[in-house]
Structures are given as C-alpha cells and as structure tokens.
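These notes are about the structure you will find just below.
The values are calculated or read from the model by the stated rules, or taken from the named source; none is laboratory data. Everything numeric in this text was worked out from a predicted model, so none of it was measured. We place every Cβ from the backbone using ideal geometry, glycine too, and count neighbours over all the protein chains shown.
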Amino acid sequence: MNGAAKGAIVGGVFLAMVGGAGYGMYTLVGGDGGDDAKSTSTTGAPVPGKGTGPVTDKEAAQTAGAFFAAWSAGDARAGADLTNNPAAAQSALGDFRTAAYVSKVAITPGAQTGTTIAYSVAAEVTYEGITKPLAYESKLTVVRGNTSGKPLVDWQPSVLHPQLQKDERLRAGTPASPPVQAVDRNGKELTAEKHPSLRKVLDDLRQKYGAKLGGTGGAELWIQPAAADAPRRSLLTLAEGTPGRIETVLDADVQAAAEKAVLKFPQASVVAVQPSTGNILAIADHRSDGFSASISGGRAPGSTMKIVTAAMLLDRGLVSADKVAECPAEVSWEGRTFKNLGGFKLDNETFATSFAQSCNTAFIKQIKPVNDIGALPKEAREVFGIGVEWKVGVATVDGKVPDATGPAAAAAYIGQGQIQMNPLTMASITATARTGVFRQPVVVKASMDDRELARASRPMKPSVTAQLVRMMKLTATSGTARGAMSAVGGSDKGAKTGSAEVDGAQNPDSWFTGFSGDVAAAAMVEGGGHGGDAAGPIVATVLNAG
C-alpha cells in the first residue's frame with residue numbers, strides 16, 4: 001500500500017474556518033484583487049504580476065493569499081511556483097500530504113506587518129484510520145524575485161511549520177523508538193507538557209534507550225532532523241504506544257523551579273548539579289529559537305571562568321587567598337589593554353578580595369609568572385574534566401579551553417577569547433570546586449548502559465579546595481554575588497559572577513554560578529548584562545529549590 005492510500009489523504013477536502021476568513025474552501029478574501037492582479041492561480045486566487053522596487057503591502061497580501069489557497073488545495077506545484085525556492089517548497093508541500101499524512105487543512109490569515117503575514121493552520125492528520133487535529137501559528141514574508149520581478153514567498157522551512165529548521169521534514173507513522181516514561185530520582189513522572197525544557201532530553205532518552213526498555217511503538221507526527229544521529233522531535237501523538245520506564249537522576253521539584261526561573265528573562269538557561277554525585281538535577285531553557293543552550297551551547301563564560309584560573313594559580317603557589325595581590329585599574333599584555341569594570345582598582349587587598357570583586361587585572365598580571373601557555377587548559381582538563389569526552393546519557397556539548405597565545409591567552413584567564421562553556425559545564429566546574437573532586441554529570445546512571453564516565457587525572461589539592469570555597473563564599477556574602485545570593489538561605493553558600501563581551505552585541509552575556517549545600521547551579525542569559533542582575537536571580541531560585 002502506498003503512502004497516500006495508507007494515510008487516507010483526501011485532496012481538496014477542508015476544515016471549516018476557525019475564527020474569521022481563511023483559505024480551505026476555494027474562496028478568496030479581499031475583493032477581486034484590483035488592477036495589480038495580472039493572473040490567477042489554479043485555485044482561482046489572483047497572483048500579482050512582475051514589478052519593480054520594494055514589494056507593496058497589497059502585493060504581499062495577494063501573493064500570500066494565492067499561496068495559502070494552493071497549499072490548502074494540496075497543489076504543491078502551484079504553491080511552490082509562488083516561492084523563491086520552488087524545488088524545496090514543492091518537496092516540502094508534497095510531503096505535508098504524503099509523508100506527514102495531513103488529510104485536511106485550513107489556513108486563516110492573521111495580522112500583516114508590511115510584507116510579513118501571520119497565519120494560523122488548522123489541520124487533521126490521518127494515519128492507519130486514526131485522525132487527530134493539528135493546530136499551530138506561523139508567518140511568512142514576501143520578497144521581490146531577483147530575476148522574475150514577481151512578489152514571491154520567501155521560502156523557509158518554518159513557513160510549513162514554525163519548529164522546522166533547515167533540511168528538517170515533517171513525518172508521521174510508527175517511530176522506530178518506542179515511547180518512554182521518564183521518572184525523576186523520586187519516581188515522579190517527567191513530561192514535556194509539565195517541563196517543556198526537557199523535550200530535547202526526553203527525545204534523546206527515547207532514541208537512545210527506548211528500544212531497550214520493552215516498550216511498543218504507537219503512531220505520531222514528528223520532525224525528522226537533518227542529522228542522522230539527532231533525535232526526532234514529537235509534535236502529535238496519534239496512537240499511544242506502551243512506554244518503557246526509564247529512571248533519571250533529575251529532580252522534578254528543582255526542575256519546576258528552574259523552568260519558572262528562566263521565564264523571567266529572554267534567552268535564559270540554567271543547569272543544576274549535585275556536587276557529591278554529579279547527578280544533574282535540572283535543565284531549563286527559555287529561548288525564542290528553542291535551542292537547548294543549557295547543555296548544547298558554547299559561549300564565553302566571562303569571569304565565572306576565574307574559578308578555574310584561580311585554582312590553577314593556587315595550585316602553582318603563585319597566589320594565596322590571604323596574601324596581597326595587585327589589582328591596578330588596567331594592565332597590558334602583548335599590545336592589548338585589559339581593564340576592570342568601571343576602571344576600579346584595589347589597593348593592598350588580598351587575592352580573595354580580588355576574586356570576590358572580580359578584578360580582571362589581578363588575574364592577568366599572573367600570566368608572566370605562570371609562563372606556560374598550556375597551564376589553564378591543563379588545569380581545566382586534569383582537575384575539572386573539561387576537555388575529556390563526557391557521556392551524560394543525552395547529547396551535550398562539552399566545554400572548550402584551548403591553548404592560546406598573545407592577547408587571547410590573557411583573555412582566557414578571565415573567561416573571554418576562545419573559551420567556550422554552557423551552564424552544564426559551568427555548574428560542573430562549581431560542583432568540582434565545591435568538593436575538590438570532578439564527578440562527570442549524568443542524566444541517567446552509568447549502570448543504565450554500562451557506559452564509561454569521564455574522569456579527571458587528579459583531584460584538587462585539599463588546600464586549593466579550601467581556599468577556593470572560602471573565596472566563593474566571600475563573593476556570595478560581600479562580593480559581586482552578594483545581591484543575588486542574599487536570597488539564598490543558610491550560610492553554606494558560594495558564588496561567582498561573570499559578564500562576557502560578545503562581538504556585535506549591545507550588551508554582554510550575563511553569567512552566574514553558585515552552590516548551596518549539595519547543589520551547584522549555573523545560568524546564562526544572552527545579552528543580560530551583569531552576572532548578578534539576570535543570571536544571578538535564576539541561580540538563587542534553583543539553589544533554594546534544591
């Protein structure tokens with residue numbers, strides 16, 4: 001049986017309109033199209049002709065209308081010819097019916113802003129005699145064709161569905177991986193509906209472990225990723241399968257607090273780790289692009305990286321928490337000048353105070369005494385496990401601390417330059433600083449699949465651990481983290497703030513990492529400014545929940 005027959009596709013049959021005028025019954029809205037309508041599409045919709053200059057609002061509305069009519073009618077060729085990428089559009093529009101098994105569709109135009117038109121889609125997906133509704137909203141933009149001069153829909157995968165990215169496809173059927181029922185460390189069920197940030201994590205767990213847990217597949221609509229090893233993203237369940245049960249080390253209560261905390265700021269991410277075990281307690285993101293920056297991102301972490309730099313300097317005996325460290329307003333290294341925030345300086349203060357006040361120059365002045373371009377990467381790898389492949393149980397991006405020379409080496413000491421981290425790796429760094437021992441973070445225990453976890457070459461020296469913890473506690477009580485950490489109960493708490501400059505960005509990224517008892521957390525807010533202002537309150541909320 002071919003796909004079209006199996007899915008019971010019925011071209012030209014449409015849903016009733018939902019709220020206002022729409023496309024799906026071979027009707028047009030907006031009169032006869034006026035003088036600018038030079039022709040009509042196969043569905044009877046007016047199509048603007050060749051023109052010059054910027055696309056007018058009227059041309060955009062007519063082009064979108066003709067496109068909606070063709071799409072609703074299941075005429076992939078006609079719809080594709082109204083775009084600036086006919087080949088890609090025809091393939092995607094055809095798949096919408098034959099591979100995603102969309103049997104009915106109605107499109108209702110929404111607000112128009114210039115040449116961008118919003119719209120809502122009300123559809124039905126039919127597979128193996130099972131029909132379920134599918135509704136979503138998206139938008140498209142109309143541009144002038146470079147050679148034709150015609151107004152054309154600027155084809156993007158998101159035109160078909162807002163969650164589609166480059167080279168991704170909509171598919172329906174019986175997935176290869178059976179569903180899983182994920183539970184937290186206390187047996188509470190974890191779902192994407194309750195915890196939206198865990199959608200990628202749950203999809204990863206399903207793809208990796210689903211077939212091993214004894215579940216049976218149902219039927220669903222999903223997004224097929226471009227990369228073969230990337231997890232499918234489920235959009236709609238058509239028929240329930242029998243899920244296999246998988247036990248994670250996440251904590252539903254901490255996860256709920258993290259989900260709520262990131263909603264306070266756009267482009268925000270946070271991860272919580274248990275220092276004594278390496279267990280990941282929570283993963284949360286609030287981003288317009290849906291990207292899991294918490295575990296898959298890679299950006300300069302700013303002064304939160306000074307935890308690693310300080311450990312390296314203490315390890316080599318070049319500084320001591322109680323000894324005076326120079327903190328001038330600025331310092332130069334190989335032609336580049338580095339300054340402290342606002343140009344402050346500290347006179348006759350200890351290294352602990354320089355750490356707590358986030359004095360950049362106190363760290364950069366140590367590059368010459370260290371006299372080893374590989375010292376920071378070595379400390380990161382051997383003590384903190386950064387640069388060793390992690391096997392978390394789900395897909396993650398590990399931290400990066402490469403060798404650097406010249407000004408880049410100085411920038412690395414304060415978490416800039418080529419350093420790449422995400423909240424997961426920074427939470428792990430804080431957990432290591434808290435206990436002196438690197439324990440590779442995990443979402444599911446290694447015994448689940450007998451995978452070998454990453455190990456550090458050596459533990460932190462006890463004297464280094466003691467001084468590092470003391471400096472982080474000072475930062476939390478009287479340093480740059482005091483404001484955010486004042487909301488965290490108890491006295492056993494420490495933190496480090498960070499602000500990372502990003503080329504072309506108006507505001508720096510906000511970073512904050514801290515611990516309270518046996519919980520360590522790190523957050524990042526892109527463009528959030530000072531670490532204590534945006535990322536800090538997120539971490540404080542998560543620490544209190546732990």
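Numerical summary
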quantity: Flag for residue 10 being under 22 Å from residue 138 (Cα atoms), at pLDDT below 95 and surrounded by fewer than 23 Cβ atoms within 10 Å (Cβ to Cβ); calculated: no
quantity: Subset of segment 417-441 that is surrounded by fewer than 24 Cβ atoms within 10 Å (Cβ to Cβ) and in contact with a Gly (Cβ under 8 Å, 6 or more places away or on another chain) - its residue that is farthest from residue 502 (Cα to Cα); calculated: 439
quantity: Output for segment 192-249, where each listed residue is under 23 Å from residue 161 (Cβ atoms) and assigned to a helix (DSSP H, G or I); calculated: 196, 197, 198, 199, 200, 201, 202, 203, 204, 206, 207
quantity: Index of the failed condition, residue 464 passing every other in (1) outside any helix (DSSP H, G or I); (2) out of contact with any strand residue (DSSP E or B) (no Cβ under 7 Å at 6 or more places or on another chain); (3) crowded, with 21+ Cβ neighbours inside 10 Å; calculated: (1)
quantity: Single condition residue 155 does not satisfy, out of (1) free of Cβ contacts under 8 Å to residues at least 40 places away in the same chain; (2) assigned by TED's automatic domain parsing to the domain that holds residue 58; calculated: (1)
quantity: Failed item in (1) surrounded by fewer than 19 Cβ atoms within 10 Å (Cβ to Cβ); (2) within 21 Å of the chain's Cα centre (by Cα), with residue 402 passing the rest; calculated: (2)
quantity: Search result, residues across segment 180-231 that are of a type in the set (Gly, Ala, Ser) and either modelled with pLDDT of 90 or more or over 19 Å from residue 391 (Cβ atoms) (or both); calculated: 182, 187, 192, 197, 214, 215, 217, 218, 219, 226, 228
quantity: Options 197, 148, 120, 138: the member that is of a type outside the set (A, V, I, L, M) and free of Cβ contacts under 8 Å to residues at least 40 places away in the same chain; calculated: 138
quantity: Restricting segment 152-188 to residues that are of a type in the set (A, V, I, L, M) and within 30 Å of residue 61 (Cβ to Cβ), the residue that is nearest to the chain's Cα centre (by Cα); calculated: 164
quantity: Failed item in (1) buried (at least 20 other Cβ atoms within 10 Å of the Cβ); (2) closer than 21 Å to residue 62 by Cα; (3) of a type outside the set (Phe, Trp, Tyr), with residue 104 passing the rest; calculated: (2)
quantity: Total residues in segment 113-142, condition surrounded by fewer than 19 Cβ atoms within 10 Å (Cβ to Cβ) and aliphatic (A, V, I, L, M); calculated: 3
quantity: Pair list, Cβ < 6 Å and 6+ apart or interchain, from segment 378-404 residues that are on the phi > 0 side of the Ramachandran plot to residues that are in a loop (DSSP other than H, G, I, E, B) and β-branched (Val, Ile, Thr); calculated: 393/443; 393/444
quantity: In segment 533-546, the residues that are in a loop (DSSP other than H, G, I, E, B) and surrounded by fewer than 24 Cβ atoms within 10 Å (Cβ to Cβ); calculated: 533, 546
quantity: Residue tally, condition at pLDDT 95 or above and in a loop (DSSP other than H, G, I, E, B), over segment 403-415; calculated: 2
quantity: Complete set of residues in segment 285-311 that are among the hydrophobic types (A, V, I, L, M, F, W, C) and within 20 Å of residue 497 (Cβ to Cβ); calculated: 293, 300, 305, 307, 308, 310, 311
quantity: In segment 303-338, the residues that are of a type in the set (D, E, K, R) and exposed (fewer than 15 other Cβ atoms within 10 Å of the Cβ); calculated: 322, 323, 330, 334, 336
quantity: Answer from 148, 177 - the residue that is more than 26 Å from residue 394 (Cα to Cα) and in a loop (DSSP other than H, G, I, E, B); calculated: 148
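Let's see how each residue does on (1) touching a His at 6+ places or on another chain (Cβ under 7 Å); (2) modelled with pLDDT under 95; (3) acidic (Asp, Glu):
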| site | (1), (2), (3) |
| --- | --- |
| 275 | no, no, no |
| 285 | no, no, yes |
| 298 | no, no, no |
| 303 | no, no, no |
| 321 | no, no, no |
| 336 | no, yes, no |
| 356 | no, no, no |
